[in-house]
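> Below: one structure in structure tokens.
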Amino acid sequence: QVQLVESGGGLVQPGGSLRLSCAASGSIFNMYVMGWYRQAPGKQRELVATIASGGTTNYAEPVKGRFTISRDNAKNTAYLQMNSLKPEDTAVYYCYAMIKESSIRPLNNYWGQGTQVTVSS
């Protein structure tokens, strides 16, 4: 059983910074892409950023230049450094990972429970 646990959300003023963490635990044979999605009230869940196991990153246009995704493969952990936060960044942020639990199990997608980020003065 694989679990993803996010932390680091909270309330921050516009222009401020937050760092989210996502720790994966359980039976992990190999972890491929990790990423962050977000969902604002009344909106669809949208991609924020992804990072491959080799370090290749991909960002949604609204966060380019402000957010940085990284990962520590030894700790099975991904991070999202969010700078210059705007009110429109307010959402529940979800961690995502593509994981194989063993060499013979198929690749599966896993999601964390979400962490609230609120940007407001």
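The values are calculated or read from the model by the stated rules, or taken from the named source; none is laboratory data. From a predicted model like this one, the values you see are computed outputs, not experimental measurements. Note: ideal-geometry Cβ built from the backbone for every residue, glycine included; neighbour counts use all protein chains shown. Only protein heavy atoms, including side chains, enter the accessible area calculation; ligands, DNA and RNA are left aside. Shrake-Rupley method; radii C 1.70, N 1.55, O 1.52, S 1.80 Å.
> Could you tell me what fraction of 2.2 N^0.38 Å the Cα radius of gyration of region 75-121 comes to, as a two-decimal ratio?
1.57
> Nearest 20 debye, what's the magnitude of the dipole of region 36-121 about its Cα centre given +1 on Lys and Arg Cβ and -1 on Asp and Glu Cβ?
80
> Amide H of V48: which non-local residues (sequence gap of 5 or more, or other chain) have their own amide H closer than 5 Å, using H built in the peptide plane?
The list, which skips near neighbours in sequence, is W36, Y37, R38.
> Return the whole-Å distance between the Cα centroid of region 39-84 and the Cα centroid of region 1-20.
11
> How large a share of the accessible area of region 1-69, in percent, is made up of carbon and sulfur atoms when the probe is 1.4 Å and the other protein chains stay in place? Let's see the in-between values first.
Numbers: 1790 of 3760 Å².
The value for region 1-69 is 48 percent carbon and sulfur by accessible area.
> Related question: Mind giving me the FRET efficiency for W111 and E88? R0 is 30 Å, r the Cβ-Cβ distance, nearest 0.05 is fine.
0.85
> Can you compute the radius of gyration and Dmax for the chain, using only the Cα atoms, both in Å?
14.2, 50
> A further question follows. For a paramagnetic label modelled at 7 Å from the Cα of S7 toward its Cβ, which residues of region 84-113 fall within the zone defined by backbone nitrogen distances under 14 Å?
What the label zone holds, given the 14 Å backbone N cut-off, is no residue at all.
> Keeping all protein chains in place, calculate the accessible area per residue for region 49-121 (probe 1.4 angstrom), answer in Å².
Spelled out: the 1.4 Å probe surface of region 49-121, per residue, equals 50 Å².
> Defining a contact as two alpha carbons under 8 Å apart and six or more residues distant in sequence, what relative contact order in percent does the chain show?
Numbers: 304 pairs, mean separation 44.2, N = 121.
Relative contact order here is 37 percent.
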